[in-house]
Amino acid sequence: MSTRRMDDTGLDRIAQFARQEIGPYLAAHPEDRYPLPLVRQLAQLGAFGAAVPTQYGGGDWSRRDLALIGYELGRGWQPLAALVGTHLKLCRQVTQHGTPRQRERWLDAMARGESVFARAYHEQGIGHPSQLGTRATRRGRAAVLNGRKSWVTNARNADRVLAIARGDNATMGVLVDPARPGVTVGPELPRPGLLGVSLAEITFDDYEFDPEEDVLGGWGHDLTASLLAHDVTSYTARAVGSADAVLEHAVRFVRDGLAHRPADVQGAIRLRTGELAAKVAVMRTVWRALLDPRPPEDGTSPGAPNPPMTSAVAKVFCTTTLLDVLREAAALCGGAGYAAADHALGRHYRDALALPIIGAPNDVLLSRIGEHELGADRSSGPVPDPYPDR
Ligand SMILES: Cc1cc2nc3c(=O)[nH]c(=O)nc-3n(C[C@H](O)[C@H](O)[C@H](O)COP(=O)(O)OP(=O)(O)OC[C@H]3O[C@@H](n4cnc5c(N)ncnc54)[C@H](O)[C@@H]3O)c2cc1C
């Protein structure tokens, strides 16, 4: 995990970009077009190198600052947060699991945004890496990849795809060049939101690769533990960013028309606005508790449990509360909450629908939280985070 505290100017620049550039871009371009100019700007701002160690040309930003990128992009436009978030996750994987040669080969280009990576892991209905149908098989001195991945974010524009496949004794990550024979990117998957950045199936049909150079960590390097450690902090950051943007939008709308309303209606609208603001404030608090955990209790005072928040609990709470926030904000805006020239609210709503599902479905996280609670001896001290981010 990165440890360096990013200088405020770097984060300020990304925040400024997200708040000033994305809105006008979306007003001028179709929402379903790949936002190449925005991706290039993010690369210039160093966003793609944020999780790369400095020795490979990256920024080595802290976990907190990486989450703040997710917050700002989630506030601006979720597909960009998805593209950058996936790439950052893969930067961490190459750093942690890559051979020295692979780190030299890839991290520098990844940090500059010249090699943007996508991740092909999920196959519909498969809940454990050991059940994946995609296979990596040795064929003489080479190896081949066969299988189908159900959803790949940025499938069409990624320079490399890390495909997760089972070998005889390990679940491996194969660095795939999607331009080479043996890779088929399917048609764009129809969906209500998360447009702009592509989402498609990818099929591997006897894709030939070098078993040492192209397998993360070398042939036989097993990624199972890393795949099971659900890294869900970024989804919380995105949900809180979106909620803040939605609250801001609703407050601006309501404030503009409030004075013309009868006194009793003004009171009702104030109450609803207060309710909305309170929900968003709790989301922010949950997120802060996740990012800035307090030091362990010394056991002398009862205090709140430590750590006060796990990444799984925060993801479930913030992604579901965001949907409430969006419904309430839309109601406050009346007809304009559903149909208006500025369709930002609708876009946030459509994008937010995916957040409880992606990464790890909220139901899966809730089942594990319940399992942990029922199995843990709560009297023996703080409950550890069972889903640490890797
Ligand atoms: C917009 C979008 C982008 C995506 N991008 C990528 C990507 O870039 N790379 C990638 O690899 N994948 C990606 N995915 C895949 C995504 O991560 C999966 O869809 C998600 O993990 C759910 O898997 P599934 O659809 O197979 O659901 P299933 O595993 O079939 O689960 C469906 C439902 O069954 C129930 N359920 C299943 N298992 C349990 C359990 N253990 N406990 C309790 N309930 C359970 C839950 O209600 C769950 O929501 C993307 C998906 C979407 C929609």
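Just so it is clear, none of the values below were taken in a lab; they were calculated from the coordinates. Computed from a predicted model, the values in this text were never measured in an experiment. Cβ placement follows ideal geometry from the backbone for every residue including glycine, while neighbour counts extend to all protein chains displayed.
Tabulated data for the structure shown
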item	result
Relative contact order (percent, whole number), the chain, Cα cutoff 8 Å, 6+ residue spacing	15
Highest to lowest packing among 368-375, 54-61, scored as the average C-beta count within 10 Å	54-61, 368-375
Under 10 Å, Cβ to Cβ, from residue 356 - net charge with Lys/Arg +1 and Asp/Glu -1	0
Förster-model FRET efficiency, 45 Å R0, residue 228 and residue 263, C-beta, rounded to 0.05	0.20
Dipole in debye (nearest 20) - the chain, about Cα centre, beta carbon charges: Lys, Arg +1; Asp, Glu -1	360
Under 5 Å, built H, 5+ apart or other chain: amide partners of residue 176	161, 162, 163
Difference of contour (0.36 nm per residue) and Cα-Cα distance, residue 284 to residue 255	8.2 nm
Options 157, 216, 325, ranked by Cα towards positive dipole end of the chain, top entry (Cβ charges)	325
Proximal lysines to residue 279, defined as alpha-carbon separation beneath 19 angstrom and excluding residues fewer than eight positions away on the same chain	315
Measure of compaction for segment 119-221 (Cα Rg per 2.2 N^0.38 Å)	1.04
Separation in nanometres of the label points that stand 7 Å from Cα toward Cβ, at residue 367 and residue 138	3.5
Phi-based couplings in Hz for segment 140-147 (Karplus 6.51, -1.76, 1.60; Gly and Pro marked x)	x, 7, 9, 8, 10, 10, 9, x
Relative intensity, log₁₀ I(q)/I(0), of the chain from a Debye sum that treats every alpha carbon as a point, q = 0.09, 0.12, 0.15 Å⁻¹	-0.56, -0.97, -1.41
Computed [θ] at 222 nm, deg cm²/dmol, the chain (DSSP H ≥ 4; -39,500 (n - 2.57); rounded to nearest 500)	-15000 deg cm²/dmol
Cβ-placed point charges (K, R +1; D, E -1), dipole of segment 119-221 about Cα centre in debye, nearest 20	220
